[in-house]
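**Q** Have a look at the structure that comes next, please.
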Amino acid sequence: METLNLQVNKRIRSIVGSSTLAITARAKELKAQGCDVVNFAAGEPDFDTPDSIKAAAIKAIENGFTKYTPSIGTIDLRERIAQKFKEDNKLDYTPSQIAVSCGAKHSIYNIIQVLIDDGDEVLIPSPYWVSYPEMVKLAGGTYKVIPTTAESNFKLTASQLSESITNHSKVLILNSPSNPTGMLYSKEELESIAEVCVKNNVFVISDEIYEKLIYDAPEYISIASLGKEIYDLTVTVNGVSKAYAMTGWRIGYSAGSQAIIDYVKKFQDHSTSNPASISQMAALQALNEPQESIVAMREEFQKRRDQMMTAFDEVPQVKYIKPDGAFYLFCDFSQLGVSLDIAKQILDDVNVAIIPGEGFGAPGFMRLSFATSTEQIAEGTKRIAQWIKKRS
Ligand SMILES: Cc1ncc(COP(=O)(O)O)c(C=O)c1O
């Protein structure tokens, strides 16, 4: 028996493992045993990266574009991202105000490291993406969860924000469309939140990674585009993972005031250096090419979203709010019991993997990903409905 008294760093000790991992590990185990598992647990598009993007990466390798680049990314890519921000988001960032990192997760992690000091408080509306609280802990900060409910469409209101702010509050993390709820903030909602942040001098990390996957709204609004003062306080985060089915390539980026990005650069200089040169070329291609592949993927996701919603319309024990974006249906299973237990039972009994809400700060709920085929959606929802019927 190992007796080593391992005293690792106290911040590392404080973080909790990913809640999604336990379910996906069990799903893999069942699959290995030959079970026909339907996977509604995925956090990434099931599509392959478009061929033209792969070709750009292959060309980069063949051309020997395999050396270090500037630590915050090549000037070509940052110029292209600046153009993207201008065209898509009405945001003016110079290339030097942009840092390319190893995925949007890395971008958010680095910004939190830069902005948060010991004891600084980060405001996180729940349900939230699982990594935000852990990132704050890793920076030595504290976090305050601001619970939202189905009644407010799982969106933070300006008055809720205002009531939650204290002298220690330094940053608000906003995620629109949201993982796990799929909710999208309107321009008016963002304006009222921006007003509170400006009044209280609270920074915003605006996680816009699902920007391209919105289904009903006519346009996407970035909070930083709503005025000079909120622009100065906001770091806008995006990336290519979800929009271009490029999760494995690890390219994300952040843009904000020059002073903040200069610190992100210094941090990256001494930690990861540049994200992979080849992936940067692939990301440049993704942004440069005609955006038909994005449109086709979005249309397919919308079809699947509607299919999943229709299936649950027949299950009175499960309630959901129509997601505006991303690829998750966030369902209220609270009538059925403790979500952690229910998710395990559904996986074991009918082999459908779904993610319980506990890890998102929303016990009672489940996140069901529709980043899977229409056949799998039909099969998985049928199995869940039958399982619930049998129990009731
Ligand atoms: C809300 C949210 N932000 C950021 C990320 C990270 O994306 P990336 O793959 O670019 O690191 C994810 C990935 O699941 C996410 O869901």
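The values are calculated or read from the model by the stated rules, or taken from the named source; none is laboratory data. Computed from a prediction, not measured in an experiment: that's the story for all the values here. Counting neighbours? That spans all protein chains shown, and the Cβs are built from the backbone with ideal geometry, glycine included. Just the protein is used for accessible areas: all its heavy atoms, side chains included, with ligands, DNA and RNA removed. Shrake-Rupley method; radii C 1.70, N 1.55, O 1.52, S 1.80 Å.
**Q** Out of curiosity, is E229 open to solvent by 10 Å² or more (accessible area, probe 1.4 Å) and either of a type in the set (G, A, S) or free of Cβ contacts under 8 Å to residues at least 24 places away in the same chain (or both)? Please lay out each step first, then the result.
**A** On the way: open to solvent by 10 Å² or more (accessible area, probe 1.4 Å): yes; either of a type in the set (G, A, S) or free of Cβ contacts under 8 Å to residues at least 24 places away in the same chain (or both): no.
No: the conditions fail for E229.
Here's the yes/no breakdown for (1) open to solvent by less than 30 Å² (accessible area, probe 1.4 Å); (2) under 29 Å from S369 (Cα atoms):
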| site | (1), (2) |
| --- | --- |
| I223 | yes, yes |
| Q258 | no, no |
| S273 | no, no |
| I294 | yes, yes |
| E300 | no, yes |
| R305 | yes, yes |
| D313 | no, yes |
| P316 | no, yes |
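**Q** OK, next. Would you mention how many residues in region 44-78 are of a type in the set (V, I, T) and under 18 Å from T247 (Cα atoms)? So that I can check it myself, show each step before the final result.
**A** Applying the first criterion (of a type in the set (V, I, T)) to region 44-78 yields 49, 53, 58, 61, 66, 69, 72, 74-75.
With the extra rule that they be under 18 Å from T247 (Cα atoms), the set shrinks to 49, 53, 58.
Qualifying residue count for the region: 3.
**Q** A further question on this structure: For region 70-77, does any single residue satisfy the condition of being under 27 Å from L172 (Cβ atoms) and at pLDDT 95 or above?
**A** Start the filter on region 70-77 by keeping residues that are under 27 Å from L172 (Cβ atoms), which leaves 72-73.
Cutting the leftovers down to at pLDDT 95 or above gives us 72-73.
Checking region 70-77: at least one residue is under 27 Å from L172 (Cβ atoms) and at pLDDT 95 or above.
**Q** So which residues in region 79-93 are closer than 13 Å to G256 by Cα and open to solvent by less than 50 Å² (accessible area, probe 1.4 Å)?
**A** Here is the first cut: in region 79-93, the residues closer than 13 Å to G256 by Cα are 81-82, 85, 91-93.
Across region 79-93, the qualifying residues are I81, A82, F85, L91, Y93.
**Q** Here is a follow-up. Just one of S71, S96 is open to solvent by 40 Å² or more (accessible area, probe 1.4 Å), among the small types (G, A, S) and more than 21 Å from the chain's Cα centre (by Cα); which is it?
**A** Working: S71 fails: open to solvent by 40 Å² or more (accessible area, probe 1.4 Å).
Just a single option satisfies the conditions, and that option is S96.
**Q** A follow-up question, please. Which of the residues spanning region 302-321 are touching a Leu at 6+ places or on another chain (Cβ under 9 Å), free of Cβ contacts under 8 Å to residues at least 60 places away in the same chain and outside any helix (DSSP H, G or I)?
**A** Y320
**Q** Could you say whether any residue in region 61-76 is within 16 Å of the ligand (Cβ to nearest atom) and of a type outside the set (V, I, T)?
**A** So far as region 61-76 goes, yes, one or more of its residues are within 16 Å of the ligand (Cβ to nearest atom) and of a type outside the set (V, I, T).
**Q** Find all pairs meeting these conditions: Cβ atoms under 7 angstrom apart; at least six residues apart or on different chains; first residue within region 342-356 and exposed (fewer than 15 other Cβ atoms within 10 Å of the Cβ); second residue at pLDDT 95 or above.
**A** Final answer for the pair search is D349/W387.
**Q** Go through (1) over 14 Å from K90 (Cβ atoms); (2) within 16 Å of the ligand (Cβ to nearest atom); (3) open to solvent by less than 40 Å² (accessible area, probe 1.4 Å); (4) touching a residue at least 60 places away in the same chain (Cβ under 8 Å) for T236 and report which single condition fails.
**A** All conditions are met except number (1).
**Q** Could you list, ordered by first residue, the pairs with Cβ atoms under 8 Å in which the first is in region 22-43 and more than 16 Å from K344 (Cβ to Cβ) and the second is within 16 Å of the ligand (Cβ to nearest atom), at least 6 apart or interchain?
**A** Taking only residues 6 or more apart or on different chains, the pairs are A42/S369; A42/A371; A42/T372; G43/T20; G43/N179; G43/S369; G43/A371.
**Q** Quick check on my filter: what residues within region 47-68 are open to solvent by 70 Å² or more (accessible area, probe 1.4 Å) and not polar (S, T, N, Q)?
**A** D48, D51, I58, K59, I61, E62, K67, Y68
**Q** Checking the structure you have, find out if any residue of region 266-275 is assigned to a helix (DSSP H, G or I), farther than 26 Å from S186 by Cα and among the small types (G, A, S). Let's see the steps before the verdict.
**A** Residues of region 266-275 assigned to a helix (DSSP H, G or I): 266-269.
Next cut, farther than 26 Å from S186 by Cα only: 266-269.
Retained after the next criterion (residues that are among the small types (G, A, S)): none.
Within region 266-275 (the criterion being assigned to a helix (DSSP H, G or I), farther than 26 Å from S186 by Cα and among the small types (G, A, S)), the answer is no, since none of the residues qualifies.
**Q** Output the number of the condition that I278 fails; it satisfies all remaining conditions of (1) away from the ligand (no atom under 16 Å from the Cβ); (2) free of Cβ contacts under 8 Å to residues at least 40 places away in the same chain.
**A** (2)
**Q** So, Y253, is that one buried (at least 24 other Cβ atoms within 10 Å of the Cβ), assigned to a loop (DSSP other than H, G, I, E, B) and within 13 Å of the ligand (Cβ to nearest atom) or not?
**A** On the way: buried (at least 24 other Cβ atoms within 10 Å of the Cβ): yes; assigned to a loop (DSSP other than H, G, I, E, B): no; within 13 Å of the ligand (Cβ to nearest atom): yes.
For Y253, the condition - buried (at least 24 other Cβ atoms within 10 Å of the Cβ), assigned to a loop (DSSP other than H, G, I, E, B) and within 13 Å of the ligand (Cβ to nearest atom) - is not met.
**Q** Shifting gears a bit: Take the conditions β-branched (V, I, T) and modelled with pLDDT under 95 and apply them to V16. Does it pass? Give the steps one after another, and end with the answer.
**A** On the way: β-branched (V, I, T): yes; modelled with pLDDT under 95: yes.
Spelling it out, V16 is indeed β-branched (V, I, T) and modelled with pLDDT under 95.
**Q** How many residues does region 4-54 hold that are among the polar types (S, T, N, Q) and under 30 Å from N288 (Cβ atoms)?
**A** Narrowing region 4-54 to residues among the polar types (S, T, N, Q): 5, 7, 9, 14, 18-20, 24, 33, 39, 49, 52.
Cutting the leftovers down to under 30 Å from N288 (Cβ atoms) gives us 49, 52.
Of the residues in that region, 2 qualify.
**Q** Further, regarding this structure: Looking at this structure, is E219 more than 20 Å from the chain's Cα centre (by Cα), more than 16 Å from P95 (Cα to Cα) and free of Cβ contacts under 8 Å to residues at least 60 places away in the same chain? Even if it seems obvious, please write down each step before you answer.
**A** Working: more than 20 Å from the chain's Cα centre (by Cα): no; more than 16 Å from P95 (Cα to Cα): yes; free of Cβ contacts under 8 Å to residues at least 60 places away in the same chain: yes.
No.
**Q** Can you find a residue in region 114-125 that is of a type in the set (D, E, K, R) and more than 30 Å from K170 (Cα to Cα)? Give the steps one after another, and end with the answer.
**A** The initial filter retains those residues of region 114-125 that are of a type in the set (D, E, K, R), namely 117-118, 120-121.
Narrowing the set further to residues that are more than 30 Å from K170 (Cα to Cα) leaves none.
Checking region 114-125: not a single residue is of a type in the set (D, E, K, R) and more than 30 Å from K170 (Cα to Cα).
**Q** Restricting the first residue to region 185-204 and requiring it to be among the acidic types (D, E), which pairs with a second residue that is assigned to a strand (DSSP E or B) meet a Cβ separation below 6 Å and a spacing of at least six or different chains?
**A** Listed by first residue and then by second, the contacts come to nothing, as the list is empty.
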